[in-house]
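Shown next, in structure tokens, is the structure this report addresses.
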Amino acid sequence: MTGLTSEPTPAALRLRITAGILYAAARFVPVPLVDDLVRQQIAAWMVRSSVPTTMSKGAIQPLWADDSGCVGGCLGALLWLPIKLLLFPIRKILSIVLGVRWVSRDLAEMLLLGRVIDHALAVGLLQDARDVAEQTQQSREIRTAFDVALKATDTTFLSALIATALGPVRGLVAAAMRTLRSLRRSGADTPTLEGGDKATIETSVSRIEAVLAQPEVKRFLAEFDARVLENLEVLAKRRAPTV
């Protein structure tokens, strides 16, 4: 196989672009730790929208979050809290200076993660017929393959193309932030785009869709595919019993 079996439907692609915009905007939530929780919630929404509803939420959680439990996760959060508080003023400055770069990079991450999940479903790596423990282990391997491939990939090209299609970033982030505030107040799992904010976000989504159809992007994705497939093969060999 030379590439990932992962061409998303138009609806899936638009959802992932929207998720990427909201995921990026959550960086600007002005409360330490809450920003990370909101980002995780958006990533979870994207993943759950990509897999069958019959799959266990716990089994697919490694695809969007560290499932090491509260011993590791909560302790790490507590250790980071004082540092986040100290760096908060710097974060506000960086959010202005690096806004376009952060938004485009986060968008690229959501799009590539969704692509890998589509492939995993198409070739049977993710199956709701498996027991939860096996599904969870497979989800960890898929996420590991994705993370390693992403670290080995220079996403500057894709991020730059996305950045040109975003439109006015300040207005886009403001619309996304209002959507995130509404999500937090409602207590829902799924964000809802409304009114003028919906129009602002969907305009950027349409422009990004057009950019992703360019031949140069297809070539970039093929190179990313090769890294993911190589990583999945290595992980499968490690898991296979030795004779």
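The values are calculated or read from the model by the stated rules, or taken from the named source; none is laboratory data. Not measured: the values here are computed from a predicted model. Neighbour counts run over all protein chains shown; Cβ positions are idealised from the backbone, glycine included. For the accessible areas, the whole protein counts, side chains as well, though only heavy atoms, and no ligand, DNA or RNA atoms are used. Shrake-Rupley method; radii C 1.70, N 1.55, O 1.52, S 1.80 Å.
With the structure loaded, tell me whether Arg184 is in contact (Cβ under 8 Å) with a residue 24 or more places away in the chain and more than 22 Å from Leu113 (Cα to Cα) or whether it fails that test.
yes
Just the residues that are assigned to a helix (DSSP H, G or I) and aliphatic (A, V, I, L, M), please, taken from the stretch 216-243.
Across the stretch 216-243, the qualifying residues are Val217, Leu221, Ala222, Ala226, Val228, Leu229, Leu232, Val234, Leu235, Ala236.
Within the stretch 42-58, count every residue that is touching a residue at least 12 places away in the same chain (Cβ under 8 Å) and open to solvent by 50 Å² or more (accessible area, probe 1.4 Å).
Total meeting the criteria: 4.
Looking at the stretch 138-160 only, could you name the residues that are polar (S, T, N, Q) and in contact (Cβ under 8 Å) with a residue 60 or more places away in the chain?
Ser139, Thr144, Thr153
The rows are residues; the columns are (1) surrounded by 15 or more Cβ atoms within 10 Å (Cβ to Cβ); (2) within 30 Å of Arg238 (Cα to Cα).
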| position | (1), (2) |
| --- | --- |
| Glu134 | no, yes |
| Ile142 | yes, yes |
| Val148 | yes, yes |
| Thr156 | no, no |
| Val169 | yes, no |
| Thr179 | yes, no |
| Ser182 | yes, no |
| Thr190 | no, no |
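If you check Arg115 against the conditions, is it under 15 Å from Val51 (Cα atoms), in contact (Cβ under 8 Å) with a residue 12 or more places away in the chain and of a type in the set (Lys, Arg)?
yes
If the requirement is being at pLDDT 90 or above and of a type in the set (A, V, I, L, M, F, W, C), which of these qualifies: Ala129, Ala160, Ala145? Spell out the reasoning first.
On the way: Ala129 fails: at pLDDT 90 or above; Ala160 fails: at pLDDT 90 or above.
Unique residue meeting the criteria: Ala145.
Looking for whichever is hydroxyl-bearing (Ser, Thr, Tyr) and outside any helix (DSSP H, G or I) here; the options are Thr144, Thr153, Thr179, Thr164. Which one fits? Show your work before the answer.
Numbers: Thr144 fails: outside any helix (DSSP H, G or I); Thr179 fails: outside any helix (DSSP H, G or I); Thr164 fails: outside any helix (DSSP H, G or I).
Going through Thr144, Thr153, Thr179, Thr164 in turn, the sole match is Thr153.
Filter the stretch 5-40 down to the residues that are outside any helix (DSSP H, G or I) and without any contact (Cβ under 8 Å) to a residue 60 or more places away in the chain, then identify the one that is surrounded by the fewest Cβ atoms within 10 Å (Cβ to Cβ).
Taking the stretch 5-40 as the starting set, the residues that turn out to be outside any helix (DSSP H, G or I) are 5-9, 29-33.
If we keep only those that are without any contact (Cβ under 8 Å) to a residue 60 or more places away in the chain as well, we get 9, 31-33.
Values: Thr9: 9, Val31: 11, Pro32: 18, Leu33: 14.
Per the stated criteria, the residue is Thr9.
Looking at the stretch 192-220, which of the residues that are closer than 19 Å to Leu112 by Cβ and among the acidic types (Asp, Glu) is surrounded by the fewest Cβ atoms within 10 Å (Cβ to Cβ)?
Within the stretch 192-220, the match that is surrounded by the fewest Cβ atoms within 10 Å (Cβ to Cβ) is Glu216.
Would you confirm whether or not the stretch 85-100 contains a residue that is surrounded by 17 or more Cβ atoms within 10 Å (Cβ to Cβ), within 23 Å of Thr153 (Cβ to Cβ) and either in contact with a Gly (Cβ under 6 Å, 6 or more places away or on another chain) or at pLDDT 85 or above (or both)?
No, because not a single residue in the stretch 85-100 is surrounded by 17 or more Cβ atoms within 10 Å (Cβ to Cβ), within 23 Å of Thr153 (Cβ to Cβ) and either in contact with a Gly (Cβ under 6 Å, 6 or more places away or on another chain) or at pLDDT 85 or above (or both).
Across the stretch 222-243, which residue is farthest from the chain's Cα centre (by Cα) among those that are hydrophobic (A, V, I, L, M, F, W, C) and under 15 Å from Asp147 (Cα atoms)? Full working, then the answer.
Residues of the stretch 222-243 that are hydrophobic (A, V, I, L, M, F, W, C), as a first pass: 222, 224, 226, 228-229, 232, 234-236, 240, 243.
Restricting the remaining residues to those that are under 15 Å from Asp147 (Cα atoms) gives 224, 226, 228-229, 232, 234-235.
Values: Phe224: 15, Ala226: 19, Val228: 16, Leu229: 19, Leu232: 19, Val234: 23, Leu235: 21 Å.
Among those that are hydrophobic (A, V, I, L, M, F, W, C) and under 15 Å from Asp147 (Cα atoms), it is Val234.
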